[in-house]
Amino acid sequence: MADMLYVDGGNPLHGEITVRGAKNFVSKAMVAALLGEGPSELRNVPKIRDVQVVSELLELHGVHVRYCPEAGVVELDPCNVRTPMVADVDTLAGASRIPILFCGPLLHRLGEAFIPDLGGCAIGGRPIDFHLEILRQFGAEVDKAEGGIRLSAPEPLRGTKIALPYPSVGATEQLLLTAVRAEGITELSNAAIEPEIADLINVLQKMGAIISVDTDRVIRIEGVQRLVGYTHTALPDRIEAASWASAALATGGDVYVRGARQADMTTFLNTFRKVGGEFVIDDHGISFFHPGADLHSIHLETDVHPGFMTDWQQPLVVALTQATGLSIVHETVYEKRFGFVSALESMGATIQLYRECLGGHACRFGQRNFYHSAVIFGPTPLSAADIVVPDLRGGFSHLIAALAAKGQSAVRGISLIDRGYERFTDKLAALGAQFSRETS
Ligand code: EPU
């Protein structure tokens with residue numbers, strides 16, 4: 001498939017699109033199926049590259065996967081789980097970050113695991129030290145091997161007490177997927193509590209797990225001896241919903257996002273309103289629109305849930321280039337999440353990056369030479385440019401900028417966007433965007 005879009009921008013997006021299950025939940029729920037003694041069925045599954053990668057990795061481990069993209073249903077039967085050839089697993093090296101979450105389930109099922117080198121967006125160092133420390137504390141042996149990590153469990157894994165240095169989403173999921181079948185009780189403090197994690201807990205509870213989420217980010221798990229399959233409908237993708245909302249605002253349009261759910265987006269909605277965007281919520285989705293008046297500059301800090309998600313930041317920054325005054329954005333989750341702004345500058349935006357924490361509080365990245373704060377001056381008209389998609393969310397931001405900019409932009413590397421935005425070109429067409437895919 002051609003990897004470039006020519007976008008004729010400067011026209012508001014109008015219309016309706018549908019978001020299905022959250023990318024950052026669906027892949028984890030698919031991994032959880034490995035823990036069940038019977039088949040599982042996950043519904044509301046979007047057709048995105050991450051689902052394909054996880055399906056392939058599960059199949060290599062003997063899970064029978066049947067995916068019907070139209071119905072959005074994936075059936076997973078883990079009855080013949082087996083150790084695959086390392087060379088086969090290696091073919092998926094660098095494709096995604098999800099393989100690291102196979103560790104606990106495979107250790108329980110097979111007593112060993114080989115995890116290929118991870119992929120994912122280049123938005124910071126993205127270490128896995130918390131994951132490996134968690135696995136060691138459960139009693140796993142973890143060794144670096146060529147092309148990945150080799151793990152084994154000489155004894156059954158035992159429950160443990162762990163405090164995370166930072167409420168990492170992935171490390172919390174690692175712990176949940178390992179603790180549910182470990183012997184005894186596990187207690188995690190400073191856990192991440194994102195809605196996608198709450199939904200993973202829903203899945204695990206359906207499977208037979210005993211998990212309680214206490215106040216102050218403490219999660220307690222009582223290990224059980226057996227888990228069964230589940231049937232579950234994935235929560236909607238709040239990142240995709242916010243991305244289309246930002247596209248509506250930046251282009252001066254209106255987009256009804258069918259499937260968007262208020263409860264998962266409260267912080268985004270507050271910010272959207274402060275910028276001057278308007279929205280109407282009904283039982284089936286949220287309509288986001290630009291009311292026609294000037295947009296307002298804001299001060300924003302990204303944070304773990306219930307704060308403003310880091311993944312909402314990049315799309316919204318494009319809309320902030322159209323707001324009057326100086327906006328300040330302090331990114332506190334990833335140290336390198338402003339790589340995408342150079343393309344916006346080439347299109348006419350005025351954005352200055354700073355190493356300092358330009359926010360209410362000092363974050364982990366202050367004093368560490370990362371350009372993790374941005375000052376955006378607006379409004380600046382955007383003009384067309386030739387731009388290259390840097391990462392998933394940054395890529396969608398480039399697309400929004402191209403849609404907002406007058407003239408024809410060339411957006412290269414758009415297949416990266418397929419990793420997390422289902423059929424985004426069909427959705428662009430449904431919203432009246434003018435574009436063509438390069439056919440060469
Ligand atoms: N961190 C460590 N050590 C670890 C793990 C994380 O230092 O072992 C640090 C990271 O470097 C980062 C911070 O902790 O600075 C937060 O990382 P977290 O583990 O929470 O992120 P993740 O699980 O790797 C998921 C999503 C991201 C999303 C973050 C935060 C998936 C597959 N990815 O990543 O989504 O930004 O949580 O909500 O669920 C995206 O969808 O584009 C995306 C990047």
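Annotations for the structure displayed:
- Neighbour count of at most 13 Cβ within 10 Å plus DSSP loop: longest trypsin sites (Lys or Arg not before Pro)-free window in the chain: 83-225
- For segment 343-438, alpha-carbon Rg and Dmax in angstrom: 15.7, 46
- Per residue of the chain, the DSSP helices (runs of n ≥ 4 H) give a summed -39500 (n - 2.57) that works out to -8500 deg cm²/dmol at 222 nm.
- Treating each Cα of segment 91-189 as an identical point scatterer and summing with the Debye formula, the log10 of I(q)/I(0) at q = 0.10, 0.22, 0.23, 0.24 Å⁻¹ comes to -0.24, -1.16, -1.26, -1.35.
- Degrees, to the nearest 10: 169-179 long Cα axis against longest axis of the chain: 20
- All Cα-Cα distances of the chain, cut into 10 Å bins from zero to the largest, leave 5, 21, 31, 25, 14, 4, 0 percent in each bin in turn.
- For Gly276, nonlocal amide neighbours, meaning residues 5 or more places apart or on other chains whose placed amide H falls under 5 Å from its own, are His296.
- With R₀ set to 35 Å, the beta-carbon distance separating Arg66 from Ser346 gives a calculated FRET efficiency near 0.20.
- Taking amide H atoms as placed 1.01 Å from N in the peptide plane, the amide H of Gly325 lies under 5 Å from those of Gly378, each 5 or more residues away in sequence or on another chain.
- Karplus (6.51, -1.76, 1.60) ³J(HN,Hα), θ = phi - 60°, over segment 208-222, in Hz, Gly and Pro reported as x: x, 6, 10, 9, 10, 9, 8, 5, 6, 6, 9, 10, 10, 10, 9
- Value of D in µm² per second that Stokes-Einstein yields for segment 234-297, Kirkwood Rh from Cα pairs, at 20 °C (1.002 mPa s): 186
- Checking the cross-link pairs Lys28/Lys206; Lys28/Lys427; Lys28/Lys336 against a 22 Å limit on the alpha carbon distance flags Lys28/Lys427; Lys28/Lys336 as lying beyond it.
- Around the amide H of Gly159, modelled in the peptide plane, lie the amide H atoms of Glu183, Gly184, Ile185, all under 5 Å away and 5 or more residues distant in sequence or on another chain.
- Cα gyration tensor shape for segment 1-98, rounded if a/c is under 1.5, else prolate or oblate: oblate
- Expressed in units of 2.2 N^0.38 Å, where N is the residue count, the Cα radius of gyration of segment 30-178 is 1.02.
- Acute angle (nearest 10 degrees) that the helix 392-404 long axis makes with the longest principal axis of the chain, alpha-carbon atoms: 20
- The C-alpha atoms of the chain define a longest principal axis, and helix 238-251 lies at about 10 degrees to it.
Every number here is computed from the coordinates shown, using simple stated rules; none is lab data. Just so it is clear, the structure is predicted and the values come from calculations on it, not from any experiment. Positions of Cβ are backbone-derived with ideal geometry, glycine not excepted, and every protein chain shown enters the neighbour counts.
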